Amino acid sequence: MDRRQFNKAAAAAGLATTLSPAIVRAQARRLKVGVLLPRSGVQAGIGQDCHRALEVGSRILADLGLPGLDIMNGDTESNVDVGRARAERLISEGAQLLVGAFDSGQTTAIAQVAEQRGVPLVINIAAAPPITEQGYKFVFRNFPTAPMILGDAFANQLEVFKATGVSPKTAVFMHVNDTFGVAMQKGFSGVMQKFPAIPYKVVDTIAYDPAARDLSVEVTKARASGAEALVMVSRLNDAILITRELVKQRWAPSAILSMGPGWYEDQYLKTLGKLGDGPISFVPWYDPNKKLAKALEAAHVKAHPEINLNTNHIYTFEALLVAADAFKRAGSADPKALADAIRATNITDNVSTGPGIQFDAKGQNDKLRNSAIQNRGGKLVVVAPASASNAKPELPVRAYDKR
């Protein structure tokens, strides 16, 4: 090779080196998203329910003109340590962003991994307040904290009591003793004090293990309190057990008020049939009047006609929406660029109740609002707030032996 040929070759090599980052960016048309959910273990049903939003959501994201997502699945097995290990593995296998993980304890562990590894985590469902109080730079939550859920729950209760003319004077508070349940229990009394118009007094508080197979003692104790209303923070399996005990013990409180999952889930409705009608759940939900909510519901009904659209689908879908929107604006899968883009999120065309999706300095969407939904004939209707409802509430709960 003579000098002229050498110079041409060197120039070509230099040009290739200069262009390679642009070429790499151009090739990054899809984002690798590690989705962590409890697909087995005690929370398997809920994790599998969240998973249904992945296939339905991807098609809607494409219709919105957002970039594609390559989903990498990770099963936390309903276990905190397994969740942490799965997060580490997904990142090592190339995940550029994480989504998960429904359970607050598992999500707390995953958030620590995401922050240490510098990979953005978009939380789909997890309500324990400390998760976004750590000063994390890579953790974002589009889901209300326990105090937010409680605050809206009391506000919506007042609206329901006014609409129905039923105002219980006493209540018993039952809750699971896991991370979420304890967080709700700690915040319950404090938040309730901010709503002096709440008509009932809590006469007893009963904690129980969500993995318990017999809750007859707890229900007997609740019934013995003489409370008119039953206020619950539950999971799916224990909600079914408690309802069966209510039927067996022939106790029908005037109102069953749930501030968590369980009472509105399809397995609960299908397992109990008419016995599942009546409970009102005060939960993060969707506004049935929003355009994107209607699109998601239509797509979900087409894919899963036997399953009601619920919190698990809504917030898992919105986590993907946040990821795809940020990836499009960032134009890169670089973790810092993605985190900066998520921090600047401003999505007004969304599904959940409230004005839209934005994140404060802590990475929390503090503009979310919750709804009151009631079980009616195997379906779920929104009864409060009035601005995001499609039905009127019905109280008192009908006696089980008269259904």
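(1) 20.2; (2) 21.5; (3) 25.2: which one is mean projected area of the Cα convex hull in nm² as calculated from this entry? Among (1) 20.2; (2) 21.5; (3) 25.2, the one derived from this structure is (2). In percent, rounded to a whole number, the relative contact order of the chain is 18, using alpha-carbon pairs under 8 Å and six or more apart. Database remark: amide H of Lys32 closer than 5 angstrom to the amide H of Asp70, Gln96 (H placed geometrically; neighbours at sequence offset of 5 or more, or on other chains; Pro and chain starts carry no H). How many percent of DSSP beta bridges within the chain run antiparallel, rounded to 5? Roughly 25 percent of the beta bridges in the chain run antiparallel, per DSSP. Between Val82, Val322, Val203, the residue with the greatest mean-square fluctuation in the GNM of the chain (Cα pairs under 10 Å linked by springs) is Val203. A simple rule links phi to the HN-Hα coupling: the Karplus curve 6.51 cos²θ - 1.76 cosθ + 1.60 with θ = phi - 60°, which for the range 38-53 gives x, 7, 9, x, 5, 9, 4, x, 6, x, 5, 5, 4, 4, 4, 6 Hz, with x for Gly and Pro.
Multiplying the residue separation of Glu55 and Arg244 by 0.36 nm and removing their Cα-Cα distance gives an extension gain of 64.6 nm. In the chain, the longest principal axis of the Cα atoms and the axis of helix 146-164 are about 40 degrees apart. Each residue in Ser332, Ser234 was given a count of other beta-carbon atoms within 10 angstrom of its own, and listing them fewest first yields Ser332, Ser234.
For the modelled label position 7 Å from the Cα of Lys221 along Cα-to-Cβ, which residues of the range 139-177 have backbone nitrogen atoms closer than 17 Å? Taking a point 7 Å out along Cα→Cβ of Lys221, the residues of the range 139-177 whose backbone N falls under 17 Å are 171-177.
Result for the chain in a Gaussian network model with C-alpha springs under 10 Å: among Gln43, Gln193, Gln106, the largest mean-square fluctuation is at Gln193. The GNM of the chain, with springs linking C-alpha atoms under 10 angstrom apart, assigns the highest mean-square fluctuation among Thr76, Thr145, Thr243 to Thr243.
Taking amide H positions as modeled 1.01 Å from N, with prolines and chain starts lacking one, the residues under 5 Å from Val202 and 5 or more places away or on another chain are Ala171. Dividing the mean sequence gap of close Cα pairs (under 8 Å, 6+ apart) by how many residues the range 182-315 holds gives a relative contact order of 18 percent. The peptide list 247-253, 357-363, put in order of mean Cβ contacts within 10 Å with the highest first, becomes 357-363, 247-253.
Short-range pairs are left out: with C-alpha atoms under 8 Å and at least six residues apart, the relative contact order of the range 108-172 is 27 percent. Using only Cα atoms, tell me the angle between helix 179-192 and the longest principal axis of the chain; keep it within 0 to 90° and round to the nearest 10. Computed tilt is about 60 degrees. Note on Lys362 and Lys379: the model spin-label points, each 7 Å out from Cα along the C-beta direction, lie 3.9 nm apart. Taking 0.36 nm per residue of separation and subtracting the Cα-Cα distance, full extension of the segment from Asp209 to Arg89 would add 40.2 nm. Amide H contacts of Ala384: Ala372, each under 5 Å away and 5 or more positions distant or on a separate chain (H built 1.01 Å from N in the peptide plane; Pro and chain starts excluded). Taking the C-alpha atoms only, the angle from helix 80-92 to the longest principal axis of the chain is near 20 degrees. Extending 7 Å from the Cα toward the beta-carbon at both Arg403 and Glu159 defines two label points whose distance is 2.5 nm.
For the range 334-341, 3J(HN,Hα) computed residue by residue from phi via the Karplus equation (6.51, -1.76, 1.60; θ = phi - 60°) reads 4, x, 5, 5, 5, 4, 5, 5 Hz, glycine and proline entered as x.
We did not get these values from a lab; they are worked out from the coordinates using the rules stated. Treat the numbers as computed from the prediction; the structure is a model and nothing was measured. Here the Cβ is made from the backbone with ideal geometry for all residues, glycine too, and neighbour counts use every protein chain on show.
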